[in-house]
Amino acid sequence: MNFIDNPGKLRGFQRSIRVEKVSRRSVLKGLGISGGFVLAAPLMSRKAFAYETGAGKMPHGVVVDPRVFVAIAPDGVVTILAHRSEMGTGVRTSLPLIVAEEMEADWSKVRVQQAHGDEAKFGNQDTDGSRSTRHYLMPMRQIGASARVMLEQAAAKRWGVPATEVKAVNHEVVHDATSRKLGFGALAADAAKEQVPSIDSLKLKDPKNFRYLTKGQISIVDLHDITTGKARYGADVRLPGMKYAVIARPPVTGGKLVSFDSAEALKISGVEKVMEVRGWPWPSKFQPLGGVAVIARNTGAAIKGRDALKIVWDDGPNGQYESVAFRKELEDASRKPGLVVRQDGDADAALKSAEKVIVGEYYIPHLAHVSMEPPAAVADVKGDKAEIWAPVQSPGGTREDTAKTLDIPEENVTVNVTLLGGGFGRKSKCDFALEAALLSKELGAPVKVQWTREDDVHHGFLHTVSAERIEAGLDKNGKVIAWRHRSVAPSIASTFAAGTVHQAPFELGMGFVDMPFEIANVTCENPEAAAHTRIGWFRSVSNIPHAFAVQSMVGELAHATGRDQKEMLLALIGSPRIVQLSSVKDLWNYGEPYDSYPIDTARLRKVVEVVAEKGEWARQLPKGHGLGIAVHRSFVSYIATVVEVAVDEKGKLTVPRVDTAIDCGTYVNPERIQSQIEGAAIMGLSLAKYGEITFKNGKVQQNNFDDFPVVRIDEAPLVTNVHIVPPGPETPPSGVGEPGVPPFAPALINAIFAATGKRIRSLPIGKQLET
Amino acid sequence: MIKITINGQEQTWDGDPELPLLWYLRDEAGLTGTKFGCGQALCGACTVLVDKDAVRSCITSVADVAGRKITTIEGLHPTGDHPVQKAWRQVNVPQCGFCQAGQIMQAAALLMDNPKPSHDQIREAMSGNICRCGCYQRIENAVHLASTGV
Ligand code: FES
Ligand code: FES
């Protein structure tokens, strides 16, 4: 294992992972609810987990501590802390709901409070990698169960009966024999004095008694605020005396400011100041790119002022970056041998002896996140103290990076997490908050930095760009006997370390070296590719190109051998088994232990079968329509998608129907799983139809939603059906937010082939179908 | 000095008359429910009602709406119970929620204009509003529900 085998740790590139003593005082500060009590903590014990996850290995690990997460006020209101960021997945509701379920709290008497960034106190807070439910289902249940036991003990003492005779039911503790009851509020003070149960002694609720979990009937806690305009996102924070800033950043990544002329800008009504912003040298990690800031009394004036700036830039080493030439470089590299990252059997020999070799060359361009809320943050720096309000996926990392950037102690930094207007990985990087901090420090006033959509498109942390080449060898019976896949793409690690030319284990492990097919001879190679812009995580990350290539090739093989796509897919998956990837060094399994989360082809087959059945695979279709299928395991979940496409004579495509089956193990809120998968279909369709960021002279050529379009409602699938595969009794929870994306594009492309006979190998589809 | 009425309250502005209404609402009037998504009339996040029309406040200047009545998401209904808002909650439309104020204002304008839109009409009328989270199926269903009685 190396230090970048885990994106959670990659964030910690700059942070040494400290073992901190959590002082009692800082723990008790927890919720700060006066008049209430804060429950005491059981110690975390590994044994207590029914299954093992990688949660403990994340920076700062897991905190199983009800004193930190739960408070009960005398009026019975239970406050539960959400320590993960809400960006649309529903996590701010789901995690507290788990606690409420186990403690028998009545959800209507529960308030959710957002935790600020403090990983020593709350454990890891990175909301990424589709990890929150996966890592926190069990800890949250234990926290809730501890609280319940303490309330029960307090009631039993009050009544002078054995604790075994009482039980917590819906916000009360009851003694059936004497029909006595006490509410949680009335018991709060006594419960606080109770012995904290050890985790090993906790009896978790029998899932058949769940009132909330798995039911999907609880709406997200922010629903009313969202529909009334009260919900507060990063840009909605307003402080007295706050200044508004926009920044002109170097148009080429790694470029530098040479000079600027602010005379015209300063004439704009409302503009107050123009100043330089410090930038960091390439590769700049999550640090600001630098540039020139316009400070104004409102954002509109700041934007207008920025338009009037005259700036000279030095483009630096990436000024030659050009997408057409780079594509050729990647494709050339994919045609030559590269670093071998998996080798089972002898694919070279098997390809030579094969009856027939099918070659597929695929291209997947850079993508921008364009979360609906462009980055924005507010900072208030006073002396050696800083307070930040920002829509960040990584409040703990933001805190550390702010402290380092301002050179102040970390405990002097408070990071308040607002709602995120979408994240998709972009807001795992806190550069925009650091910009606000730098400006506030210099101005001595609170500052809001607002990115425009153009800023977001020009200066993002893009999804990588890949050339994928697969050669599959068939014997005379049409059986696939050889598979050689080369994946060439700049790595996210290049944003942290100069000279990076290979994909990191966490990228290789996303659908490339973990390819699950039962083929005797498999080679995976990763030829070199250098980065010329900032590369970052984009929802489902390298699974996008890898799944696109692998699942498109399945469609190509089905065609070459005259087989039904689904039958081909099942034949390649092969027998139900646990896949052993012994030839892969540093196999990255989404940070999870392979024992709890192996690649299980029975589950892979099952989602294919479920989606085929529910999605009415092989149904009769009108002329011009076609069905495509794809399956992919990512974030340790299993997902299969069937897409029906219609292509008219002019080549215009519509999507009448999408069916997706997901096996994400034990789950919490099926209603939010459904919404994530519905959304993933839209994001998949967007990237397949339109998604492409290109560079010329080192600059991004797209600007806004006109030249980087995303799917709108009039082109959305008419129907998206989500089929959740019921988990086995002991199946641990797995990811939901990201895994819906990867199978969509190849299923669509396979459907287009079925409808038209045209095989799309290069994304986006763009005008390729036009006649 | 420009006079405008926002959510029933008269307000005045003596700054840059060209200032986009969006920034007046958000930064000067403190009504942050109206969102910035693109600044170019491409996404609909900034949609407000000007009299009865849905308007993109990011490309509408304060001067353009002098003397007009502006309704933002905050003023759509006193308790947040406009049929569109109720339908939105019943269908659990939002994911991140950032586009939803604009979506709701657009839908409210649509229903004033056409109380019983067909699904095609809904898709057409709502096509200027982007939802990057992809809540479209639910948006369509919620507008339909609002039009048939919540
Ligand atoms: S912000 Fe006005 S339409 Fe996008
Ligand atoms: S709900 Fe996130 S953009 Fe629409």
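Brief remarks follow.
- Residues of the stretch A:688-707 that are buried (at least 17 other Cβ atoms within 10 Å of the Cβ) and at the interface with chain B (Cβ under 8 Å from one of its Cβ atoms): A:704, A:705.
- The stretch A:106-133, residues that are within 19 Å of residue A:206 (Cα to Cα) and buried (at least 24 other Cβ atoms within 10 Å of the Cβ): A:133
- Residue within the stretch A:626-639 that is open to solvent by 10 Å² or more (accessible area, probe 1.4 Å) and of a type in the set (Phe, Trp, Tyr) present: no
- The listed residues are A:685, A:748, A:769, A:653, and the only one of them that is open to solvent by less than 10 Å² (accessible area, probe 1.4 Å) and either away from chain B (no Cβ under 12 Å) or out of contact with any Phe, Trp or Tyr (no Cβ under 7 Å at 6 or more places or on another chain) (or both) turns out to be A:748.
- Here the stretch B:111-150 is the region considered, the condition is being away from ligand 1 (no atom under 16 Å from the Cβ), more than 18 Å from residue A:226 (Cβ to Cβ) and among the hydrophobic types (A, V, I, L, M, F, W, C), and the residue that is most open to solvent (accessible area, probe 1.4 Å) is B:112.
- Exactly one residue out of A:240, A:281 is within 14 Å of chain B (Cβ to nearest Cβ) and surrounded by fewer than 19 Cβ atoms within 10 Å (Cβ to Cβ): that is A:240.
For (1) in a helix (DSSP H, G or I); (2) within 11 Å of ligand 1 (Cβ to nearest atom); (3) open to solvent by less than 20 Å² (accessible area, probe 1.4 Å); (4) touching a residue at least 24 places away in the same chain (Cβ under 8 Å), each residue gets a yes or a no:
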residue: B:22; (1), (2), (3), (4): yes, yes, yes, yes
residue: B:27; (1), (2), (3), (4): yes, no, yes, no
residue: B:36; (1), (2), (3), (4): no, yes, yes, no
residue: B:39; (1), (2), (3), (4): no, yes, no, no
residue: B:45; (1), (2), (3), (4): no, yes, yes, yes
residue: B:59; (1), (2), (3), (4): no, yes, no, yes
residue: B:92; (1), (2), (3), (4): no, no, no, yes
residue: B:96; (1), (2), (3), (4): no, no, yes, yes
residue: B:102; (1), (2), (3), (4): yes, yes, yes, yes
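- When the stretch B:21-58 is filtered for residues that are among the acidic types (Asp, Glu), more than 13 Å from every other protein chain (Cβ to nearest Cβ) and in contact with a helix residue (DSSP H, G or I) (Cβ under 8 Å, 6 or more places away or on another chain), only B:53 remains.
- Verdict on residue A:391 being within 14 Å of chain B (Cβ to nearest Cβ), in contact with a Lys or Arg (Cβ under 6 Å, 6 or more places away or on another chain) and either under 26 Å from residue A:539 (Cα atoms) or modelled with pLDDT under 95 (or both): yes
- Residue within the stretch A:736-746 that is assigned to a helix (DSSP H, G or I) and touching a strand residue (DSSP E or B) at 6+ places or on another chain (Cβ under 7 Å) present: yes
- Every condition in (1) open to solvent by 10 Å² or more (accessible area, probe 1.4 Å); (2) over 25 Å from residue A:496 (Cβ atoms); (3) among the polar types (S, T, N, Q) is met by residue A:320 except one, and the failing one is (2).
- From A:573, A:599, residue being touching a Pro at 6+ places or on another chain (Cβ under 9 Å), under 26 Å from residue A:755 (Cβ atoms), surrounded by 14 or more Cβ atoms within 10 Å (Cβ to Cβ) and of a type in the set (A, V, I, L, M): A:573
- Single residue of A:210, A:184 found to be buried (at least 19 other Cβ atoms within 10 Å of the Cβ), over 30 Å from residue A:400 (Cα atoms) and in contact with an Asp or Glu (Cβ under 8 Å, 6 or more places away or on another chain): A:184
- Selection count where residues are more than 8 Å from chain B (Cβ to nearest Cβ) and either hydrophobic (A, V, I, L, M, F, W, C) or open to solvent by 50 Å² or more (accessible area, probe 1.4 Å) (or both), scope the stretch A:708-740: 9
- Within the stretch A:709-758, tally of residues that are charged (D, E, K, R) and at pLDDT below 95: 1
- In the stretch B:69-90, the qualifying residues are those that are open to solvent by 10 Å² or more (accessible area, probe 1.4 Å) and without any contact (Cβ under 8 Å) to a residue 24 or more places away in the chain, and the one that is nearest to the chain's Cα centre (by Cα) is B:77.
- Considering A:222, A:200, the condition of being in contact (Cβ under 8 Å) with a residue 12 or more places away in the chain, buried (at least 19 other Cβ atoms within 10 Å of the Cβ) and among the acidic types (Asp, Glu) is satisfied by A:222 alone.
- Count of the stretch B:5-20 residues which are more than 7 Å from chain A (Cβ to nearest Cβ) and within 16 Å of ligand 1 (Cβ to nearest atom): 1
- Taking (1) out of contact with any Asp or Glu (no Cβ under 8 Å at 6 or more places or on another chain); (2) within 16 Å of ligand 2 (Cβ to nearest atom); (3) not hydrophobic (A, V, I, L, M, F, W, C) in turn, residue A:374 satisfies each apart from (1).
- Within the stretch A:343-362, if we keep just the residues that are within 33 Å of the chain's Cα centre (by Cα) and either among the acidic types (Asp, Glu) or open to solvent by 10 Å² or more (accessible area, probe 1.4 Å) (or both), the residue that is nearest to residue A:474 (Cα to Cα) turns out to be A:359.
- Residue count for the stretch A:418-453 under the criterion of being open to solvent by 10 Å² or more (accessible area, probe 1.4 Å), part of a helix (DSSP H, G or I) and among the aliphatic types (A, V, I, L, M): the result is 2.
- Some residue of the stretch B:108-129 being facing chain A (nearest Cβ under 9 Å) and in contact with a Cys (Cβ under 9 Å, 6 or more places away or on another chain): yes
- Scan of the stretch B:113-142 for residues that are away from ligand 2 (no atom under 14 Å from the Cβ) and not in a loop (DSSP other than H, G, I, E, B), ordered by number: B:113, B:119, B:120, B:121, B:122, B:123, B:124, B:125, B:141
- Exclusive hit being surrounded by 15 or more Cβ atoms within 10 Å (Cβ to Cβ), within 14 Å of chain B (Cβ to nearest Cβ), aliphatic (A, V, I, L, M) and in contact with an Asp or Glu (Cβ under 9 Å, 6 or more places away or on another chain), set A:191, A:245: A:245
- Number of the condition not met by residue B:43 [criteria: (1) under 30 Å from residue A:369 (Cβ atoms); (2) of a type outside the set (D, E, K, R); (3) more than 16 Å from ligand 2 (Cβ to nearest atom)]: (3)
- Of A:234, A:255, all but one fail to be surrounded by 21 or more Cβ atoms within 10 Å (Cβ to Cβ) and away from every other protein chain (no Cβ under 14 Å); the exception is A:255.
The values are calculated or read from the model by the stated rules, or taken from the named source; none is laboratory data. If you're wondering where the values come from, they're calculated on a predicted model, not measured in any experiment. Note: ideal-geometry Cβ built from the backbone for every residue, glycine included; neighbour counts use all protein chains shown. Just so you know, the surface numbers come from the protein's heavy atoms only, side chains and all, with ligands and any DNA or RNA stripped out. Shrake-Rupley method; radii C 1.70, N 1.55, O 1.52, S 1.80 Å.
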